[in-house]
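I have placed the structure first, in the form of structure tokens, so that the comments after it can refer back to it.
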Amino acid sequence: MNYQNNIVTVKVGLLDSSGYAFKSVCGKSKYVITSKHSICEDKPSCLYISEGNNACRTCQLYVNISQVKIKFGDNNLIDICNYFLSDKSDVAILELESERTDLDLLKCSFSDANEYYIWKYNKDSLILDSKRIKEESYALYNLKSPTFTEFLPKSKVIPGYSGTPVFSIDEKGRPLIHSILTDNESNNDIGAEIITRELLHELSLKSSVIINSDFSLLSHDINNTFIEDCFEFYYEQELENENKLKVYSLPFTDSNKFDLSKVVDLLTSNMTRSVFSPREVELAKGNDMKVFQAFSTFLSEPTDKYSKPALLQNLIESDLSAPTLYKSTKQDDFSSIHVREFFPEQFEFIMTKFFSDTELIEAISNCVNSIKEANNKISGSSLLLDQQFVSQSLSVKYADLISKLVLPDNDTHIEYNFGLLSTYIVDIDPSIYRERVLNNKRCAVKDRIIEHLNDKYEKISSIFNDNFFMGKTCYLYLIPINETGELKKLMYAKINQGNNG
């Protein structure tokens, strides 16, 4: 568990607390999360702390930035150049004067666990359990068992741990930060500030840095593991004019096929989201008949009407944390529209289209042309303000947000960009099929896809330059498949199998 190496000492004069050094989402390895009172110069004489009433949450504490030092395991003391305090939580972000190498991202968990772990700057550790909410975003834990050779009372164990993260471990053994330890409460309870999306949003806004990708409340209900669960590798290529080519490969199996099974399982298990608009799904929540109607509608369609849009929707949501506002299966319409808060209080609307063909270049060309045609017919803001669009298509929880964002007097930063999906069939060298070692086969397929894209780079760039728009960002997702229409066919078989069972 190398994340222990990111636990640091927060020093103010002679007093030591703990913190966690991390790399921001934008790649700057120079931040520390800790408790506010860990950097307060008045902490030794503070009556609020001694009374145990947790007043540090809203206290306007005094900080002398020149007195705050951060010590890593190499014993070097590093100055901080800035700090950012939460208004409602006893949590602070410190900015180091210089960057550090090998820091991890601040990976957070918003779910409860059976056990939690904390480390002090000297690597002593404790196990906590019995989480109980005392007040909003503030929780109490119980010390499960000491890991020291000599038993110490809880009141003597906690000093020095303040400001350290409370970790939970997920099912894959990965450590996730759940809260920040702040107080030694009465009755041997240990108090901590829960890491919430609201807190991440606040600290990201104050620091002008994306602390964690979950800072936006828009991402609350998104299945952000879709890409990780369903695809094997990812390759990104920068094109001219800020266009991006993103390649997701399906796993390649020992039976010489790209494996769509996990994608099929996810789409068919959430069939209402694949077929009906967000508002219809929201209004029919928990309605078994609605699921049956979704199956019936899907099975009655002779084309790839629902499978590709649903796949594209999940890609945009999972990769960009952009929930779906609207979806359509009309030929001349956007297949979906998404809203993304890419930085606190800065938003992006993503209009999506899909296409597929047997050849890569043709598929990309058709995809880009379809966006151009749709863009000429519909302007983003006028569509989003259309009363019929808002009342019939938008989920209720987003309607108010959209109306605020697109009104003429709104000064919030908004961008209108595009997401494209193109499935295509890869021309694979026959020697790859004869490879018996599966990992070697997968690596060879990956190399073939990247080689193919590099060979076509100039052609792909010219398609965008000839057809696209200046000042726009395009997210183009390419996914290799075995045959045209395969996703629809496999979903059809999966649903029929379920109905017959």
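The values are calculated or read from the model by the stated rules, or taken from the named source; none is laboratory data. In this text, all values refer to a predicted model and were calculated from it rather than measured experimentally. Using ideal geometry, Cβ is built from the backbone for each residue, glycine included, and neighbour counts are taken over all protein chains shown. Surface accessibility is based on the protein's heavy atoms, side chains included, excluding ligands, DNA and RNA. Shrake-Rupley method; radii C 1.70, N 1.55, O 1.52, S 1.80 Å.
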Cβ-Cβ cut-off under 15 Å around Ala363, Lys and Arg +1, Asp and Glu -1: the net charge is -2
Sorted list, accessible surface of protein heavy atoms, 1.4 Å probe, largest first, for His413, His452, His178 is His413, His452, His178
For Arg100, the accessible surface traced by a 1.4 Å probe with all protein chains present amounts, in square angstrom to the nearest 10, to 60 Å²
Amide H contacts under 5 Å for Val91, restricted to residues at least 5 apart in sequence or on another chain and with H modeled in the peptide plane, are Lys36, Ser86
Rounded to the angstrom and largest first, Cα extents along the principal axes for the chain equal 73, 60, 50
Per DSSP loop assignment and a cutoff of at most 11 other beta carbons within 10 Å, the chain keeps its longest run without exposed chymotrypsin sites (Phe, Trp or Tyr not before Pro) at 152-501
For segment 91-97, Karplus-derived ³J(HN,Hα) couplings (6.51, -1.76, 1.60; θ = phi - 60°; whole Hz; x for glycine and proline) come out as 9, 9, 10, 10, 10, 6, 5
Of all DSSP beta bridges with both partners in the chain, the antiparallel percent, nearest 5, is 75 percent
Flagged as over-length at 23 Å C-alpha distance, from Lys330/Lys488; Lys262/Lys372; Lys308/Lys494; Lys262/Lys472, the pairs are Lys262/Lys372; Lys262/Lys472
Sorting Leu401, Ile33, Gln346 by the position of each Cα along the dipole of the chain (Lys, Arg +1; Asp, Glu -1; all at Cβ), the one nearest the positive end of that ordering is Ile33
Dividing the mean separation of Cα pairs under 8 Å (6+ apart) by the residue count of the chain yields a relative contact order in percent of 13 percent
To the nearest 20 debye, the chain has a Cα-centred charge dipole, built from +1 on Lys and Arg Cβ and -1 on Asp and Glu Cβ, of 700 debye
For the chain, dividing by residue count, accessible area per residue (probe 1.4 Å) in Å² works out to 46 Å²
Ordering Ser365, Ser86 by the accessible surface of their heavy atoms, 1.4 Å probe, largest first, yields Ser365, Ser86
Computed from every Cα-Cα pair in segment 1-141, P(r) in 10 Å bins starting at 0 and rounded to whole percents is 11, 39, 38, 12, 0
Rounded to the nearest 10 Å², the 1.4 Å probe accessible area of Asp427 is 110 Å²
Around Gln346 (Cβ within 11 Å, Cβ-to-Cβ, excluding Gln346; K/R +1, D/E -1) the net charge comes to -3
Spelling it out for Leu260: with amide H atoms placed in the peptide plane at 1.01 Å from N, the residues 5 or more places away or on another chain with amide H under 5 Å from its amide H are none
What helix-only [θ] at 222 nm does the chain give? Using -39500 (n - 2.57) per DSSP H run of at least 4, over all residues, to the nearest 500, the answer is -9500 deg cm²/dmol
Probe 1.4 Å, all chains present, heavy atoms only: Leu401 accessible area in Å², nearest 10, is 40 Å²
